[in-house]
Protein chains: 2
Amino acid sequence: MTDIAAAAGVSVMTVSRAYRNAGRVSEETRTRIAEAAARLGYVPNLAAAQLSSRRSRVIAATIPSLSHSQFGLTLQALSDPLREAGYQLLLADCGYSAEEELRAVATVLGHRPEGLVVIGVDHGEAAQSMIRQAGIPVVETWDLDQPPLDMAAGFSNRAAARRMAEYLIGTGRRRIGYVDFPAPVVRRFAERRRGFVEALEAAGLRVDLTLPAHEGVGGYARGHQAVEKLLQLEPRLDAIFCATDAHGIGAMLECQRRGIDVPAQIAITGIGDFDIAAEIPPGLTTVRLHAGEIGRSAAKLIIDRLAGAMPQEQVLDIGFEIIRRGSG
Amino acid sequence: MTDIAAAAGVSVMTVSRAYRNAGRVSEETRTRIAEAAARLGYVPNLAAAQLSSRRSRVIAATIPSLSHSQFGLTLQALSDPLREAGYQLLLADCGYSAEEELRAVATVLGHRPEGLVVIGVDHGEAAQSMIRQAGIPVVETWDLDQPPLDMAAGFSNRAAARRMAEYLIGTGRRRIGYVDFPAPVVRRFAERRRGFVEALEAAGLRVDLTLPAHEGVGGYARGHQAVEKLLQLEPRLDAIFCATDAHGIGAMLECQRRGIDVPAQIAITGIGDFDIAAEIPPGLTTVRLHAGEIGRSAAKLIIDRLAGAMPQEQVLDIGFEIIRRGSG
DNA sequence: TTGTACGCGTTATCAG
DNA sequence: CTGATAACGCGTACAA
């Protein structure tokens, strides 16, 4: 910045003001500065700015997986309004273990973000206490089944699964299999399983027809495995409830391959409403989760809080929607 | 840090050393510091560290869309090795316009990253010059059709499309339609189109059967539209070449709906090898792009360069692979 | 409208 | 092994 100031023949202070639109700087001075900056390829050092102003203009987000497309939608919807409000999103991969999460949280907090968005909540004790000590607004997303640290935007995974299970039961299904997500204890999926079990137990149905988390592969292939395994457990199976659309789509395709009539013989449902769910005949019945809306809401909560507003609603329930298609 | 030093009864300098494992610090002092830090929830301020040490330990990446799952794979593969090497990934959404890109580049450069990864290259002049002036290692990815600013990791979109088109021609197809990606001039897709056209012209075939970028919707639905529009242009159409798998899958499903035999009547191909491409019968013939490998390679290039090595290969061609399935 | 002194929290350097 | 001091590049507060 000193260089720019010299090149433009003004003091650093004037350059600083020109960049921040603070105080008054004459048009002529401003253009001289802009020219010098463009010529020298100068970009203000945000670290110095942060140190001096004690504002980082950074919002951090932790995310379990950068390649999960549903989280991608949330991220995108989060990033856009934040940028417009003058914040930069700092992303950290927090993996699926408490240890990785702690490392991720420590790293991002080192950048002194003014707010934190946790995508797919799942804290260890240590991370939780570290976040709390940071004293910044926090929005937890994608899971409303636990009381939040601060604010939250999402939906109840348990309620979503329960409602879908109730729907299946309501259509007369009695021998319903469950395909769990293949990851060690992720709370979102634990809640889905719980919702499913609650609904079935309330109806007095069997809850032992499952492909448990610790068994089998992931992705679409898990759906294939599920059809085989569940039919083995119970040949008269009449529905397969999948914890996520990927498994549901795999199961639909496997049934098609085996000549099993969906939904006449077996109903199949998923959770997520992935784009592809509507495409594959007969269409996957699923739960729409509004991933984008979760991101937008999280951004709004953080921005409003930082703007000094104390939003009435600290917990935004975005809800979900049962999407009925041909599969069940 | 001053607080921690006081709490542990040492000087700030000792605390700093303890955190960086620099110089020698006695075990006892070290544990006292760790305890104080844990109790107070202290995390070192990276902005101050950067200002003082002139090292940010940040690698920046610009990406056109956070919700694009193929880029997600690259990101994930990029993030992991960087983290292991002690770098934090700073992500900026650069959109699909030169203007947005310039803003994104300026923002991330403000954080003084030690390296930059450009995902899906596409620069305006201004951004290019700004990047060059930053004087840091740069890896451009996903597009090897232009000479890189510095380093590159990816493949030739043009060659990939040409090879796929040649394959189609080799199987006897003569009236081949092209479904372009619906975005204003993205170079990757311009190159794909060019590769397609080159192959067809070399074989003396028509290149006017197209759904151009500026027409129609996106995603799977674009495939549906394509079937309709292309058959209208040429009822004897015998192949549909899609710029991306999403369109290809949409086209396959549309043919299925209309009772059009794929591949007997019409062959369909995509580019990308999305997970779902192998699932939907008869399986989409496509080009596998090794999105993860691109990320890993980019990370390696940056890390090696920062470690002082001047890698021999400044341009890593990850290549691609024609995946032949039932659709063509 | 523009300039000056000082401090932000850390690290490099040099001493002990 | 530990400590003191001076930067790092900018913003705040005040002055001109």
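Here, each number is a calculation from the coordinates, and none is a lab measurement. Treat the numbers as computed from the prediction; the structure is a model and nothing was measured. Cβ: placed from backbone, ideal geometry, glycine included. Neighbour counts: every protein chain shown.
About its Cα centre, how strong a charge dipole does region A:157-288 have in debye, to the nearest 20, once Lys and Arg get +1 and Asp and Glu get -1 at the Cβ?
Computed charge dipole of region A:157-288: roughly 280 debye.
Which whole-Hz couplings ³J(HN,Hα) result when phi for each residue of region B:56-67 is put into the Karplus expression 6.51 cos²θ - 1.76 cosθ + 1.60, θ = phi - 60°, listed in order with x for Gly and Pro?
Whole-Hz 3J(HN,Hα) from phi for region B:56-67: 9, 6, 10, 10, 9, 9, 9, 9, x, 7, 6, 9.
For B:Glu321 paired with A:Arg236, estimate the spin-label separation in nm (one decimal), with each label point 7 Å from Cα along the Cα-to-Cβ line.
4.6 nm
For a test of the definition: using alpha carbon positions, the gyration tensor, and the 1.5 limit on a/c, classify chain A as rounded, prolate or oblate.
Verdict is prolate for chain A.
Tell me, which longest segment in chain A has none of the GluC sites (Glu not before Pro) that fall in DSSP loops with at most 16 further Cβ atoms within 10 Å?
Excluding the exposed sites themselves, the longest stretch runs over A:1-214.
Considering amide H positions built from the backbone, and no H for Pro or chain starts, which residues 5 or more places from B:Val262, or on another chain, come under 5 Å of its amide H?
Long-range HN contacts for B:Val262: none found.
Please report, for B:Gly283, the nm distances (one decimal) from its label point, 7 Å out from Cα along the beta-carbon direction, to the equivalent points in the remaining copies, shortest first.
The answer, with the shortest distance listed first, is 3.0 nm.
Relative contact order for chain B using alpha-carbon pairs under 8 Å, separation at least 6, rounded to a whole percent?
In percent, rounded to a whole number, it is 16.
With Kirkwood's inverse mean 1/r over C-alpha pairs for Rh, give me the Rg to Rh ratio of region B:36-188, two decimals please.
1.10
Run down the aspartates and glutamates and flag those whose C-alpha is under 19 Å from the C-alpha of B:Lys300, throwing out any fewer than 8 positions away in its chain.
The qualifying aspartates and glutamates are A:Asp93, B:Asp80, B:Glu84, B:Glu114, B:Glu140, B:Asp143, B:Asp150, B:Glu313, B:Asp317.
Within a 10 angstrom radius of the beta carbon, how do B:His68, A:His247, A:His111 rank from fewest other beta carbons to most?
Going from least to most buried by this count: B:His68, A:His111, A:His247.
Let's see if you can work this out: charge +1 on each Lys and Arg Cβ, -1 on each Asp and Glu Cβ, no other charges. What is the dipole magnitude of the protein assembly as shown about its Cα centre, in debye to the nearest 20?
Around 620 debye, computed over the protein assembly as shown.
Give the calculated FRET efficiency between B:Met310 and A:Val12 to the nearest 0.05, with a Förster radius of 60 Å applied to their Cβ-Cβ distance.
E between B:Met310 and A:Val12, to the nearest 0.05, is 0.95.
What number, rounded to the nearest 500 deg cm²/dmol, is the helix-based mean residue ellipticity at 222 nm of chain B, given -39500 (n - 2.57) per DSSP H run of at least four residues and division by all its residues?
That calculation yields -14500 deg cm²/dmol at 222 nm.
Quick one: plug the Kirkwood hydrodynamic radius of region A:26-120 (C-alpha pairs) into Stokes-Einstein at 25 °C, 0.890 mPa s, and report D in µm²/s.
For the chosen part, D equals 160 µm²/s.
When you count, for each residue, the other Cβ atoms within 10 Å and take the mean per peptide, how do A:7-16, B:175-184 rank with the highest first?
Ranked by mean Cβ neighbours within 10 Å, highest first: B:175-184, A:7-16.
Let me know the mean shielding of B:83-92 by other chains, meaning the per-residue number of their Cβ atoms within 10 Å of its Cβ.
Other-chain Cβ atoms within 10 Å of each residue's Cβ, averaged: 4.
At a Förster radius of 56 Å, what calculated FRET efficiency corresponds to the Cβ-Cβ distance of B:Arg175 and A:Arg175, to the nearest 0.05?
The calculated FRET efficiency here is 0.65.
Residue by residue through B:63-69, how many Cβ atoms from other chains fall within 10 Å of the Cβ on average?
Mean shielding count: 6.
Quick one: what do you get for region A:2-52 if you divide its Cα Rg by 2.2 N^0.38 Å?
1.06
Between copies, how far apart are the A:Gly218 label points? List them in nm, one decimal, shortest first, with each point 7 Å from Cα toward Cβ, please?
Result, one decimal in nm: 2.6.
Roughly how many nanometres apart are two label points built 7 Å out from the Cα toward the Cβ at B:Arg258 and A:Asp208?
With each label point 7 Å from Cα toward Cβ, the separation is 5.2 nm.
Would you mind listing the distances between the B:Arg54 label point and the same position in each other copy? Use 7 Å along Cα-to-C-beta, nm, one decimal, shortest first.
Label-point distances to the other copies, shortest first: 2.9 nm.
Given a Förster radius of 30 Å and the C-beta distance between A:Thr2 and B:Arg187 as r, what FRET efficiency does 1/(1 + (r/R0)^6) yield to the nearest 0.05?
E between A:Thr2 and B:Arg187, to the nearest 0.05, is 0.20.
For region B:56-98, what does the alpha-carbon gyration tensor say about shape, rounded, prolate or oblate, given a ≥ b ≥ c as the root eigenvalues, a/c under 1.5 as rounded, and a/b over b/c as prolate?
Oblate.
Once amide H atoms are built 1.01 Å from N in the peptide plane, which residues 5 or more positions from A:Glu321, or in another chain, come under 5 Å H to H?
Amide H neighbours of A:Glu321, under 5 Å, 5+ apart: A:Arg288.
How many Cβ atoms of partner chains, on average, are near each residue of B:101-111 if near means within 10 Å of its Cβ?
What the average comes to for B:101-111 is 4.
With θ set to phi - 60°, apply the Karplus curve 6.51 cos²θ - 1.76 cosθ + 1.60 along region B:230-238 and write out the HN-Hα couplings as whole Hz, x wherever there is a Gly or Pro.
The phi angles translate into 5, 5, 5, 5, 7, x, 8, 2, 10 Hz.
What list of ³J(HN,Hα) couplings, whole Hz, do you get for region B:180-196 from phi and the Karplus terms 6.51, -1.76, 1.60, once you set θ to phi - 60° and write x for glycine and proline?
Karplus values, whole Hz, x for Gly and Pro: 7, 7, x, 8, x, 5, 9, 4, 3, 7, 4, 5, 4, 4, 4, x, 4.
Once a ≥ b ≥ c are taken as the square roots of the eigenvalues of the Cα gyration tensor of region A:157-288, is the result rounded (a/c under 1.5), prolate (a/b larger than b/c) or oblate (a/b not larger than b/c)?
rounded
Within region B:1-53, which trypsin sites (Lys or Arg not before Pro) sit in a loop by DSSP and count at most 13 neighbouring Cβ atoms inside 10 Å?
Sites meeting the loop and neighbour criteria: B:Arg24.
Taking only Cα atoms and a 10 Å spring cutoff, compute GNM fluctuations for chain B and point out the largest among B:Gly23, B:Gly295, B:Gly124.
Between B:Gly23, B:Gly295, B:Gly124, it is B:Gly23 that shows the largest mean-square fluctuation.
Would you mind checking which residues have amide H under 5 Å from B:Gln88's amide H? H placed 1.01 Å from N; only 5 or more apart, or other chain.
B:Val58, B:Ile59
Quote to one decimal, in nm, the extra length available between B:Glu99 and B:Ala34 on full extension: 0.36 nm per residue of separation minus the C-alpha distance between them.
18.8 nm
Quick check: convex hull of the Cα atoms in the protein assembly as shown, volume per residue, rounded to a whole Å³?
Normalising the Cα hull of the protein assembly as shown by residue number yields 179 Å³.
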